[in-house]
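Each reported figure results from applying straightforward, stated rules to the coordinates on display, with no laboratory input. This structure is a prediction, so every number in the text was calculated from the model and none was measured. Cβ: placed from backbone, ideal geometry, glycine included. Neighbour counts: every protein chain shown.
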Amino acid sequence: MRKNSLGLCLCGLAVALICGCQTAPIAPPPMAGVSLQDVCRQYNIQWQFDSITQVVFLEYKTHKAKALVGSPVVLIGQEKVILSAPLRRINSNIYVPDDFESKVIGPFGAVVSRLGFTGELSNLKVHTIVIDPGHGGKDPGAKGYSGVKEKNVVLDIGKRLKELLSEAGLKVIMTRDKDEFISLNERTEIASKAGADLFVSIHANSNPVRRTHGIEVYYVKTHDKRDLDEIQRQINERLFFRTLNAAPNRTVQAIVSDMMYENKIAESCRLAMRLVHNISSDIEIPNRGARHARYFVVRNTLMPAVLIETGFLTNRQEEKKLNSSEYREKLAESIARSILAYASTP
Ligand SMILES: [Zn+2]
């Protein structure tokens, strides 16, 4: 008896193994679910199929699972998970029902590889993120060289970013997901109520000097007494402490607030520098730097917060780029990759 790379016993030549994640995707027949091969490729999961026993073996880092073709039961370690439909084999392909990803891949903690990132969710320092597309509704934001509105561009980038980060397993909350006006106060309150680990505001820039173009990321470098006493900040602190199961007493609240403040200052700067560097090199636009600014949403949120100015709508070429969905997707991917890289550093 010999063992293959997964340590599975192979009983002579009678056992036929189909090794996963290598060949081109094959469109599933109607109602077959999703191809196991495609799912495994997407999440960098190794899989093997024993055609004698009809058992599928899955492996991701230290996690192992097995399932039987024809059965809806998946064993993840010792735990039994029931899928909405049985696994099916059609010719040499295996199909799994739609809830396979949430019920099996989710517990594996696998991070989708669309962003080229394969970390484990449990190791990330960001689990819940608030994405804040600027402006909206009666507030159009900056107006472009030929009339493109900031509120529409940043909403689209925000939605794409949400999709990418959700796929990666993060909990994503949007301050707005349609063309509506949300006050600055409300935006910070949404983040506090969610107990979010990170706040990312998306904007597009303008400048009377029309040749000005490039990326800028803003963060708050210091808070003075005036900032710490600001009414919205105090409201947000109360909202945040209400999210905790057991509300701490006043003394502990003050200590926690101080710790959050110190953490916010250091981490916001770290993320801003990473973002501006990565985005400018990923999509080849000038790096105008990570900059300090006291914008309302960055100074009144309790968690690390940045405001990304994704480009200048007043610059003819940059407006044209920002008006293209392909470019906005590239931007969203670069932002998402930077956030995941930041989230995976201690
Ligand atoms: Zn703006």
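Each residue of segment 55-61 is assigned a 3J(HN,Hα), and the resulting list reads 9, 9, 10, 10, 9, 9, 6 Hz, derived from the Karplus form 6.51 cos²θ - 1.76 cosθ + 1.60 (θ = phi - 60°), x at Gly and Pro. Helix 250-282 and the longest principal axis of the C-alpha atoms of the chain enclose an angle of approximately 80°. Taken over segment 189-346, the ratio of Cα radius of gyration to 2.2 N^0.38 Å equals 1.14. For segment 159-239, the set of GluC sites (Glu not before Pro) satisfying both a DSSP loop assignment and a count of at most 13 other C-beta atoms within 10 Å is given as E180. Here the extension length gained between E186 and D258 equals 23.6 nm, from 0.36 nm per residue of separation less the Cα-Cα distance. Here's the picture: charge each Lys and Arg Cβ at +1 and each Asp and Glu Cβ at -1 in the chain, and of S102, W47, Y261 the one pushed furthest to the positive end of that dipole is Y261.
Based on the Kirkwood radius over alpha-carbon pairs, what is the Stokes-Einstein translational diffusion coefficient of the chain at 25 °C with 0.890 mPa s viscosity, in µm²/s? Value of D from the Cα-based Kirkwood radius: 109 µm²/s.
Largest GNM mean-square fluctuation among G136, G106, G311, using the chain with Cα springs under 10 Å: G106. Taking the helices alone, the chain has a mean residue ellipticity at 222 nm of -10500 deg cm²/dmol, built from -39,500 (n - 2.57) per DSSP H run of at least 4 residues and averaged over all its residues.
Net charge in the neighbourhood of S71 (other residues with Cβ under 13 Å of its Cβ; Lys, Arg +1, Asp, Glu -1) is +4. When the Cα positions of S146, A67, S122 are compared along the charge dipole of the chain, S146 comes out farthest toward the positive end, with charges on each C-beta of Lys, Arg, Asp and Glu.
Quick check: pseudo-label points 7 Å beyond the Cα along Cα→Cβ at K320 and N91, how many nm apart are they? Taking the two extended label points, one gets 4.5 nm. Compared with the dominant Cα axis of the chain, that is its longest principal axis, helix 231-243 is turned about 20°. Segment 56-78 and segment 288-314 have their alpha-carbon centroids 45 Å apart. Pairs over the 23 Å Cα-Cα cut-off, from the set K193/K264; K66/K171; K64/K159; K171/K264; K64/K330; K149/K178: K66/K171; K64/K159; K64/K330. With only the Cα atoms considered, segment 83-223 has a convex hull volume of 201 Å³ per residue. Checking every one of the trypsin sites (Lys or Arg not before Pro) in segment 200-309 against DSSP loop status and a limit of 15 other Cβ atoms within 10 Å picks out R210, R211, K221, R294.
Kindly express, to the nearest 10 degrees and within the range 0 to 90, the angle between helix 325-343's C-alpha long axis and the longest C-alpha principal axis of the chain. With rounding to tens, the tilt is 80 degrees. For segment 268-346, which GluC sites (Glu not before Pro) are in a loop by DSSP, counting at most 12 other Cβ atoms within 10 Å? Passing sites in segment 268-346 are E284.
Amide H contacts for G311 (H built 1.01 Å from N in the peptide plane; partners 5 or more residues away or on another chain; cut-off under 5 Å): N205, E216. Modelled spin-label separation between T345 and L75, with each label point placed 7 Å from Cα along the Cα-to-Cβ direction: 4.3 nm.
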